[in-house]
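A quick write-up on the structure given underneath.
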Amino acid sequence: MSVDSATVRRVAKLARIAVSDNDVTAMEAELNAILGFVEQLSEVDVTGVEPMTSVIPMEMKKRADVIADGDKADDIVANAPASEDHFFMVPKVVE
């Protein structure tokens with residue numbers, strides 16, 4: 001696959017990157033080099049290789065999925081000028 005200058009301008013527009021006319025040829029060469037490297041990767045035989053997310057097999061730590069109020073209602077309203085039953089009291093705004 002080869003990238004031309006029109007494709008470079010289109011990709012730059014989609015990425016919202018300002019690319020001057022002088023930089024288009026340089027970007028074209030860079031994108032072609034990247035695509036060439038990706039094509040080299042497709043030549044590697046990966047049959048029998050399991051997909052992995054890390055080089056070391058590990059399992060993510062998980063916490064229990066429990067619904068709780070956090071037991072912090074008193075701490076949250078402690079600095080409020082006025083509160084009632086764990087709610088902030090504010091002046092009426094709409095009449």
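Any residue at all in segment 31-38 that is of a type outside the set (A, V, I, L, M, F, W, C), surrounded by 10 or more Cβ atoms within 10 Å (Cβ to Cβ) and within 30 Å of ALA12 (Cβ to Cβ)?
Let us first name the residues in segment 31-38 that are of a type outside the set (A, V, I, L, M, F, W, C), namely 32, 36.
Applying the additional criterion that residues be surrounded by 10 or more Cβ atoms within 10 Å (Cβ to Cβ) yields 32, 36.
Subset that is within 30 Å of ALA12 (Cβ to Cβ): 32, 36.
Yes: segment 31-38 contains one or more residues that are of a type outside the set (A, V, I, L, M, F, W, C), surrounded by 10 or more Cβ atoms within 10 Å (Cβ to Cβ) and within 30 Å of ALA12 (Cβ to Cβ).
Please pick out the residue among VAL77, VAL3 that is in contact with a strand residue (DSSP E or B) (Cβ under 6 Å, 6 or more places away or on another chain), at pLDDT 85 or above and surrounded by 10 or more Cβ atoms within 10 Å (Cβ to Cβ).
After applying the criteria, what remains is VAL77.
Could you please find all residues in segment 15-34 being within 23 Å of the chain's Cα centre (by Cα) and either on the phi > 0 side of the Ramachandran plot or part of a helix (DSSP H, G or I) (or both)?
Here is the first cut: in segment 15-34, the residues within 23 Å of the chain's Cα centre (by Cα) are 15-18, 31, 34.
Residues satisfying the conditions are ARG16, LEU31, ILE34.
Taking the condition of being in a helix (DSSP H, G or I) and not aromatic (Phe, Trp, Tyr), how many residues in segment 35-47 meet it?
Qualifying residue count, segment 35-47: 7.
The values are calculated or read from the model by the stated rules, or taken from the named source; none is laboratory data. All values reported here derive from a predicted model rather than from experimental measurement. A quick note on method: Cβ atoms are made from the backbone with ideal geometry, for glycine too, and the neighbour counts reach across all protein chains shown.
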